[in-house]
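This report refers to the structure that appears directly beneath it.
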Amino acid sequence: MGKKVKKEVEPPPKDVFDPLSIESKKAETAVLMLQSPEEEILAKSCDALYKFAQKGDENKITLLGLGAVESLSKLISHEDKIVRRNATMVCGIMAAHNEVRRLMQTLDLIPPLIARLAPEEEVVIHEFATLCLAHMAHEYTSKVRIFEVNGLEHLIRLLSSPDPDVKKNSVECIYLLAQDFQSRSAVCDQNAIPPLLELLKSDYPVIQHLSLKALGTISCEAECRLALKESQALDHLLKILEAKELNDLHVEALLIIANCLEDADTVQLLQQSGGLKKILTFAETSPLPDVQRNAAKAIAMSAHNAENRKFFHEQEAEKTLVELLGSDNNGVKVAALQAISMLCENLASKDVFSKNGILQIINLLSKDNADVQEAAVFALANLITGCPNNPGLLGRGHTLFLLVLVEADGIDALVNLLTDKREGVIANTCTVLTNMAAQESLRLAMQSHGVMPALVATLQSASNLVLRKAIITVASLGCDAEARTEFRIADGLVQLVKLLSSNHDEVRRNACWAIAVFANDEATASELYRLGAFDILQEMNLSTSRRNNFSELAENKMLDNNLSLKYNQKGHLSYTNLIEDGFYDHGQLKSGAKLPSLEELSKQTLNQNRAVIVINTKLPELPTPSPPAVEEKPELNLGRSSSSLSRSASREKGGRNIPSPVEDKQDLSSGRSPSLSRSGHKEKSSSKMKNKVKKEEEKMKEEEELSPVKTQEEPVPPQITQWFPPCDQDLIDYLSDVTRTILPLPHPREQVVALAQFVAGKMGGPIAKDRLHEFSWELHVGEIKYELKSNVIPIGKIKKGIFYHRALLFKALADRIGVVCNLTRGDYGRAWNEVKILNDSNRAGTKAQPETNVVDLMYEPGRLMKHGSVEADHYQHI
C-alpha cells in the first residue's frame, strides 16, 4: 500500500461573509434587525421582542415609539412560518395596549391577521392571531372591519379547536363582535350556537363564562332565540342552574333565560316542562344576590307579554317577588319591584300584590337608596292605577290602603319624593297621588301632609314630563275648596297661569284643565283673572294651533264663577247664572283694560265715570275676639240657657240676611215653581223677620247691662282689617217683600208680572216712551254717589232707575226666589230680561215648549213680549 497523502483544505470563497454572532442588549437593535432579509435573524429578533413586550405596558410603548409595529405588520405575512409565528406572537401581546391598537387599525392589520386563521397554520399562530383580534374587537371600527373581511366565519370554526387558548380567544372575540346587531344575526346564520353550547362543557371556567356571555348577547335577537330553542339551549341552561358546583355560571345563565322568556312559546314550553317553576324556586332559594336579581329581571323582561304574565300568575310568581322584596341587597329589591310593575298589568296579579305586597312597597318609599325609591314608586303607580274593567286597589279597599299608608308614613314619603331631582320619580309619584285623589278620605289625608305646597314647587320643573303629571295631580286635588285655598295661598296659581303659555301642547292642555277645575269658586276665579289667566285663554282660543279641548272650558268656567266679569265681558248672564252677594256691574270696559275688583273700585276717589252698581245683602263678618284668661267665676244666671245664647249669637252673626235663595230651579215643562210647597213657611218667617231682629237686639242690650263692667286691662277686640262691600238694607227689604208677596203666587207668569211691577215701582214707576228723556235718573245717581262719597253704590239706593238698573234688580230678585230669567246688556244704557214660561193655552200640553218672552220693566211693567217680535226688538234697541 502506498503512503497516504494529507488532503489540503480549500480556502472559503472570497465573496461569502463569515457567520457573525451578535449579542444585543438594546431593543433598538432588535427593532432594526426586523429589516434584515435573513429569516433566522428575523425569527430571533421577533422572539426577543416578544419577551420584551411581555414584561409590561411601558415596553410596549417603547417598541411603538421605535416603529416596531410597522415592521411587524409586514412580517406576519412572511413566507417563513417561524417568522410568521413569532411576528404574530409579538402583535398579539402588543395589541393589549390602546395606542398600539390604534396604529394597527391605521395599518389595516386585520386582513393579514384573519389570513393567519387558515387551517394550515400552526396552533400557536391561531392562538396569538385570535388574541390580537380579541383585543382589537373592543373598538367599533375594528368590529366592522372584521365583519367585512369574513373574520367571523374563521372564528366560529376555531371554536372547535383542540387548543383551549384558541377557543378562549375566539369565543371572546365572537362575544365582542355580537354586541353589534349585524354580527349578532350573522352569528346565528353561520350556525355558531351549537359550538357555543358545546363550550359550556369545557373544563375551563373562563371559556364557560365567555360562551354564556356570547349566548346572552345574541339571545337579544328573536331569530337567535328561536335558534337557541331549536338547539335545546334551555335544557343546557337549566342543568347549569341545577348544578350547585356551577354556581359561578348561574348569573349569566339566568340572563340568557331572561331574554328567552320574552317569547310566549318559550314560557309555555318551560311551564309544561316544569322549568318555569324551577326558575322561580331557584330565585327564591338562591343565596347569591346576583342570581336573585337576574331571576327577577327575567320575570320583568318576560312580563312585557300578556300571555307570559298569565303563565307567571299560574306559577305564583307574585309570592316569589314579594319574598325578594325582603332581601338585604338593593339590586335585588329594584329588580323585584320592576318585575312587580310589569306583572301589575295582569289584574289577577295586581290583586295578589295589593293584598300581600302593598305594605312592603310603601315601606321601601322611605329607603335611603335612590334606585329603590324610584322603583318602589313606579311599582306603586302601576299597582294602584285602575284599569277599564277593574276599579283597582282604591276602588275596593281604599280604607285599608289609607290605614297602610298612615301606618307606614307612606303619604309623608310620597310628598317628600315630590322634591326628588329625578323626573321619573316625580312623575310616578304624581301618578300615585292622582289615583289616590279619587277618594275623598285620601285627598284629605294628603292635604293634611302638605301636598299642595309641595306640588307648587313641582310646577317650577323644567321637565315637560314632570309638568304634565304634576298639573294633572293638582287638578285632581283641586276639586276640594280647602285644597284650592291652600294652593292659592302658596302662590300655586301664579305657576299655573305661567304654564298656560307653555310651548308644549300637553302641558298647555293640562294647565287649561287645571284652570277649569280651580275656577269653581269665585275667590279663585277672581284671583286667576287678576293674574292674567283670562287674557291668555282668550288669546289661546283665537289661535287655531294653540287652543285645545279644555281652553274654552277654562274660559267659560272663569266666567261662570265670576259673574261680574262675565257680565262685563259678554254682556249676558244666562238662566243658570245666579247673581249672589258681591256681584257688581261696572259697565263696558275699553279694549285691553282689566276689570278692577270691587274693593279697588270702592277705594277710588269720586269721579265722573259711570256708577258701579253692587248687589250685596250680607253684613260684614266681625272677628270673634279670644276670651280673656281670667279666673272662673260663678256664672251669672240671666234667665237664658247657654244653648239659647249660642243660637242667638249665631243669628246675630248673620245680621239681617235673608235665608239662602231657593236652590231648586223652576221646572219649565210644568210651568210651576218647586219652591211653592215651602212658600207658607217662608211667608211666615219673612213677616216676623224684623220683629225677631229687634227682639234679639233688645235681649243683647239687657245682657250687656247685666254683664260685669269691663276693666281697662281686658283685651280690646281687634279692628276689622278685611274689606267688605257695603250692605244694602233696601235690597234686604225688597227681598223680604218679594219673598212674602210674590213667591207664593201659583204660576210663573204671575210671578214674573208681579216682580216686574215691583221692580218698576221701586225705581220710579212706568215711564212713557215719549217722556223718557225727561226721566232725570242721571242726576239722581250722581246725588247718591256724592252722598256716599263713592263710585260704588248699592242698587237699593237707586230710586230712579233706567233700563240697566231695573233689569239688574229684576235678575237679582228673581234668582233669590227661583224665577228663571236671564240678563242681557244692550247699547246706550239698554238692558233686558228674558223668561221662559208656558202660555195658558199650552199648560195641559205635555210636549209644549216654553216661549221666550222679554219682560217690560219701563213702559208697561209686567208686559211680556215674545222674543223676536217687533215690540221686543224696539224695547231692546233704540
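The values are calculated or read from the model by the stated rules, or taken from the named source; none is laboratory data. Model, not experiment: these values are computed from the prediction. Here Cβ is always computed from backbone atoms with ideal geometry, including for glycine, and neighbour counts include all displayed protein chains. With ligands, DNA and RNA removed, areas are computed over all heavy atoms of the protein, side chains included. Shrake-Rupley method; radii C 1.70, N 1.55, O 1.52, S 1.80 Å.
Remark: region 170-277 carries a charge dipole of roughly 200 debye about the Cα centre, counting +1 on each Lys and Arg Cβ and -1 on each Asp and Glu Cβ.
Net charge of the neighbourhood of Met558, taken over other residues with C-beta under 12 Å away and scored Lys/Arg +1, Asp/Glu -1, is -3.
Magnitude of the charge dipole for region 731-878, about its Cα centre and with charges confined to Cβ atoms of Lys, Arg (+1) and Asp, Glu (-1), is about 300 debye. A simple spin-label model places the labels of Asp521 and Gln608 4.3 nm from each other, with each point 7 Å out along Cα-to-Cβ. Its Cα gyration tensor gives region 28-103 an equivalent ellipsoid. The semi-axes, each the square root of 5 times an eigenvalue, are 19, 12, 11 Å from largest down.
The overall shape of region 724-878, judged from the alpha-carbon gyration tensor, is oblate: a/c is not under 1.5, and a/b is no greater than b/c. Within region 775-842, none of the GluC sites (Glu not before Pro) combine a DSSP coil assignment with at most 10 other C-beta atoms in a 10 angstrom radius. Other residues lying with their Cβ under 15 Å from the Cβ of Leu226 contribute a combined charge of -4, Lys and Arg counting +1, Asp and Glu -1. When Asp57, Asp728 are compared by accessible area of protein heavy atoms, the largest-first order is Asp57, Asp728, using a 1.4 Å probe.
Per residue, how much accessible area does region 107-257 have with a 1.4 Å probe, in Å²? Intermediate values should be presented prior to the final figure.
Details: 6380 Å² over 151 residues.
Here the residues of region 107-257 average 42 Å² of exposed surface.
How would region 419-555 be classified by its alpha-carbon gyration tensor: rounded, prolate or oblate, with rounded meaning a/c under 1.5 and the a/b versus b/c comparison settling the rest?
Oblate.
For Arg825, neighbours were defined as the other residues whose beta-carbon sits under 10 Å from its Cβ, and their charges (Lys and Arg +1, Asp and Glu -1) total 0. At q = 0.22, 0.25 Å⁻¹, what log₁₀ I(q)/I(0) does a Debye calculation on the Cα points of region 226-305 give, no solvent, two decimals? Debye intensities relative to I(0), on a log10 scale: -1.00, -1.31. When Ile41, Ile579 are compared by accessible area of protein heavy atoms, the largest-first order is Ile41, Ile579, using a 1.4 Å probe. Counting protein heavy atoms only, region 721-771 has 52 percent of its accessible area on carbon and sulfur, 1.4 angstrom probe.
With the simple model of a label 7 Å out from the Cα in the direction of the Cβ, Leu347 to Asp290 spans 4.2 nm. Rolling a 1.4 Å probe across all protein chains gives Thr741 an accessible area of roughly 70 Å². Loop-located trypsin sites (Lys or Arg not before Pro) across region 723-794 with a Cβ neighbour count of 10 or fewer within 10 Å are Lys789, with loop assigned by DSSP.
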